[in-house]
Amino acid sequence: MRAVDGVSFSIPVGGTLGLVGESACGKTTTGLMLAHLLEPSAGSIVFDGRDVTMLRGAALRRFRPNIQMIFQDPYTSLNPRLSVAEIVAEPLRINHRGTRSEIDHRVRGLLDAVGLPAEVARRRPQEFSGGQRQRIAIARALALAPRLIVCDEPVSALDMSVQAKILNLLRDLQRQLGVSYLFISHDLSVVRIVADVVAVMYLGRIVETGPAEAVFADPRHPYTQALMAAVPDPYKRSGVTPLPGEVPSNINPPRGCRFAARCPARMPMCEASPPSLHEIEPARRVACFLHHAIPDQDAVGRGTAA
Amino acid sequence: MRDAPLLAVENLRTEFPSPRGVATVLHGVSLTIGRGEAVGMVGESGCGKTMTARSILRIVPPPGRVTAGRVVLDGRDLLALSEGEMAGVRGRRIAMIFQEPGAALNPVISVGEQITDVLRAHHAASRGDARTRAIELLREVGIPDPAARLSAFPHQLSGGTQQRVAIAIALACAPDVLIADEPTTALDVTIQAQILQLLRRLTVDKGLGLLFITHNIGAVAQIADRIIVMYAGRVVEDGSVDAVIDTPQHPYTRALLRAMPTMMARREERLLEIEGQVPDLANPPLGCPFHPRCPAVMAHCGVQDPPLAEMEPGRRVACWLYDHASVRPT
């Protein structure tokens, strides 16, 4: 099975790439590969001009601090047996970043940076609300001063008023530290707030990518259009026609465009071969025959079953 | 509809004893639902949405219990019924669907059997009739090729289809009221849109009273006729969807709407944060429970809890900003 198939994107330095799509589209798998928690079977990850895909052993250990991760569920991503200070200090200890007192000092600074009072250091995660736990997770991710943080649905488990606080915090930290984010989310209204560049995934492939403002103002791929129309917006109450059907299985994906079966603009050629992700104007790429007639030669050559 | 609501909840109070004192999780909740009316209930975790649903059905987990109020269905107070009589109300008159359809369905029984079990338990239908009715129900909730789906097990179905099956089971006994507790929260947005449309259609076509519970104001706006906003076990605002969203009156409703990222918001706008946290229900603040976080707080707010006052027919708000007449001298 190809969970992620031929995905290419780049993340701006000090900026945010929003990776959006529904369940099983491959967004989390993509994030895990970037963080070197899963190994891609093909393709490359270039970090700061250097190919880091195949790093192993000591070289990989030296590289890992550059990319850290924040997970969706702050109830399972924090070790319940460690204190907050131990959780935030762990990456520093493992990477021998300073003496005990230097690490203590750094932990206090990190807790302050994420808006937690110093008193929380001795307490354990279960004493905190979801929003505060996510702050702890953010402090841990910042500990090694990474260049990139993979944020996998970081606010999806939080209440609305708490979500706003965490999104504002992530944005403030980016401004102060110049860190880049790969922000993975199923929620377009959240991605719209945080992303500079957006990539929309469907069944393991990117169907559209471009500057967030341009894509949100004028989505070109029929799937992006349907996804945006489906976001329930309190100020847009005229009923939209829901997209019919469900995402097909990616164990034996369709031969042509993977979205064709649900697409309101389907043409005969869509079922024959998949469209390539082609630049339709500067910085904007769309994989759809409505916008260009260029099939994805790679995918045609590869066939369908994996 | 306002004169004879299908379901009327009056001053419902539900309490949980805890080591730190009694937590009042519902603090005098009142609401009505008419036939063919979809009422959306919104609020954040712990505000009492699910507890309202459980109190209506008398399935509050122990040691919690309903300590006051009435739940009137078609003129009959459900809280006064015997447990045996109440069992005849659950499922048959008031049905419920949940957030996780995978957890609500039995994993080792086929979809068809789960529906026919319900039909046979409540209506003593024959096996053949029950099967025919099960196929009809699956068709009604939009499952393609329903006869073939009867033999499927829940794990073979997608989340959206599982929720459709749960809705079919809930409809099996032709209930008057359907309570849907976060039914689309676990689903993808394109599937959520399908389920919202289905619930809306069923409400209108069958004249159901729908209580749609969610934390998602956007979802409620797509489906409901009316919105009820909950905070700390109380109804703080109630009105038509247009009124509550376009002219919110309670400072909490306003803050909630402004904290929400929407597709219309400008990117550079910072999201509004609501300072502080929801109160501890075992040790709530004096006066209005929102006053420690309220940007419009006045001296009186910390003294006395505002009543849920009717501003105009069908529009209620619990806030001293709008109810000077009933402010007692302090």
Restricting to chain A, what percent of DSSP beta bridges are antiparallel, rounded to 5? 45
Give me the log10 of I(q) over I(0) for segment A:219-306 at q = 0.14, 0.24 Å⁻¹, as the Debye formula computes it from C-alpha points; what are the numbers? -0.56, -1.24
Set the Förster distance to 25 Å, then compute FRET efficiency between A:Asn252 and A:Glu39 from the Cβ-Cβ distance, nearest 0.05. 0.60
Cubic angstrom per residue, convex hull over Cα atoms of segment B:52-96: 78
Show me you know the interface measure: the accessible area buried between B and A, both chains summed, probe 1.4 Å, in Å² to the nearest 100. 3900
Quote the convex hull volume per residue of segment B:22-157, based on C-alpha atoms, as a whole number of Å³. 159
May I ask you to derive the relative contact order of segment A:219-306, considering only C-alpha pairs under 8 Å and at least 6 residues apart, and to give it as an integer percent? 25
With the contact rule set at Cα under 8 Å and sequence spacing of 6 or more, what percent relative contact order holds for segment B:1-144? 20
Using the Cα centre of chain B as the reference point, and only Cβ charges (+1 on K/R, -1 on D/E), how large is the resulting charge dipole? Debye, rounded to the nearest 20. 380
Efficiency by 1/(1 + (r/R0)^6): what FRET value for B:Glu85 and A:Lys236, r their Cβ-Cβ distance, R0 = 51 Å, to the nearest 0.05? 0.70
Any number yet on Rg/Rh for segment A:173-218, C-alpha, Kirkwood? 0.99
Provide Rg over Rh for segment B:91-182; use the alpha carbon set for both Rg and the Kirkwood Rh (inverse mean inverse pair distance). 0.93
Projected-area average for chain A over all orientations - Cα convex hull basis, square nanometres: 17.1
Antiparallel as a % of all DSSP beta bridges within the protein assembly as shown, to the nearest 5? 55
Springs between alpha-carbon pairs under 10 angstrom, Gaussian network model over chain B: which of B:Val165, B:Val29, B:Val189 fluctuates most? B:Val189
Counting Lys +1, Arg +1, Asp -1, Glu -1, what net charge surrounds A:Cys270 among other residues with beta carbon under 13 Å of its beta carbon? +2
Here Rg/Rh (Cα, Kirkwood) for the protein assembly as shown equals 0.98
Using the Cα atoms of segment A:30-75, I'd like the radius of gyration and the largest Cα-Cα distance, Dmax, both in angstrom. 11.4, 36
Percent RCO, i.e. relative contact order, over chain A, from Cα pairs under 8 Å lying at least 6 residues apart: 23
Trypsin sites (Lys or Arg not before Pro) within segment A:105-136: which are DSSP loop residues with at most 16 other Cβ atoms inside 10 Å? A:Arg123
Quick one: grab Rg to one decimal and Dmax as a whole number for chain B, Cα atoms only, in Å. 20.9, 69
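The values are calculated or read from the model by the stated rules, or taken from the named source; none is laboratory data. All values derive from a computational prediction rather than experimental measurement. Here the Cβ is made from the backbone with ideal geometry for all residues, glycine too, and neighbour counts use every protein chain on show. Side chains are part of the model used for accessible areas, which takes the heavy atoms of the whole protein and leaves out ligands, DNA and RNA. Shrake-Rupley method; radii C 1.70, N 1.55, O 1.52, S 1.80 Å.
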